[in-house]
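Visitor: Have a look at this one.
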């Protein structure tokens, strides 16, 4: 099977179910941004971080594929049975954040992204996650989107922020507070 089909050479592509849409369609933008996020999570996972973080990031990547399949699906024409996103997936993010928060110093300021390359990768993933969330919210204003997808993306960006702080601590990097000029 060849990876190229030449069917998209005119600027359109197929959703699951066969519906052809322009490559700039909100669905394509949403699942494309989720795909970009998944790639950045992969970059983060490939860094020298502890196995527990690496394994949890792999679970997140699996959930992002689930989300991408739902966003790429045309519910009007597709008969495909899609994998499910569950409330427990959101609970897992919240539990992981609570566990990390319990080991982190109280945050009193915004922090500047950076301090270590691995922490910076985490912040890039967080920013791409926020963009994926914005694209998906925009799509949801025009077409039905499972509310669990919106909740998961929202919680995932929070998780990535807390993870960036945890990695800062584990890597003995500096967490630099933002101090606005007045």
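Visitor: Out of the stretch 33-53, which residues are without any contact (Cβ under 8 Å) to a residue 60 or more places away in the chain and within 15 Å of the chain's Cα centre (by Cα)? Break it down into steps so the answer makes sense when it comes.
Guide: Step one: filter the stretch 33-53 for residues without any contact (Cβ under 8 Å) to a residue 60 or more places away in the chain, giving 35, 38-39, 42, 45-46, 51-52.
Residues satisfying the conditions are 35, 38, 39, 42, 45.
Visitor: Out of the residues in the stretch 6-30 meeting the condition of being in a loop (DSSP other than H, G, I, E, B) and touching a strand residue (DSSP E or B) at 6+ places or on another chain (Cβ under 9 Å), tell me which one is surrounded by the most Cβ atoms within 10 Å (Cβ to Cβ). Full working, then the answer.
Guide: The first filter runs over the stretch 6-30 and keeps only residues in a loop (DSSP other than H, G, I, E, B), leaving 6-11, 15, 17-19, 23-25.
Those left that are additionally touching a strand residue (DSSP E or B) at 6+ places or on another chain (Cβ under 9 Å): 7-8, 11, 15, 17, 23, 25.
On the way: 7: 10, 8: 12, 11: 8, 15: 20, 17: 14, 23: 12, 25: 17.
Here the answer is 15.
Visitor: Out of contact with any helix residue (DSSP H, G or I) (no Cβ under 7 Å at 6 or more places or on another chain) and closer than 19 Å to residue 133 by Cα: does that describe residue 76?
Guide: When the stated conditions are applied, residue 76 does not pass them.
Visitor: Taking the stretch 138-162 as the search range and keeping residues that are free of Cβ contacts under 8 Å to residues at least 60 places away in the same chain and more than 17 Å from residue 74 (Cα to Cα), which one is surrounded by the most Cβ atoms within 10 Å (Cβ to Cβ)?
Guide: Step by step, filter the stretch 138-162, then rank; the result is 160.
Visitor: Still on this structure, please answer the following. Answer yes or no: is there a residue in the stretch 40-61 that is at pLDDT 85 or above and closer than 23 Å to residue 77 by Cβ.
Guide: No, there is no match, as no residue in the stretch 40-61 is at pLDDT 85 or above and closer than 23 Å to residue 77 by Cβ.
The values are calculated or read from the model by the stated rules, or taken from the named source; none is laboratory data. Bear in mind that the values here come from a model prediction, so they are computed numbers and not experimental data. Cβ sites come from the backbone with ideal geometry, for glycine too, and all protein chains shown count toward neighbours.
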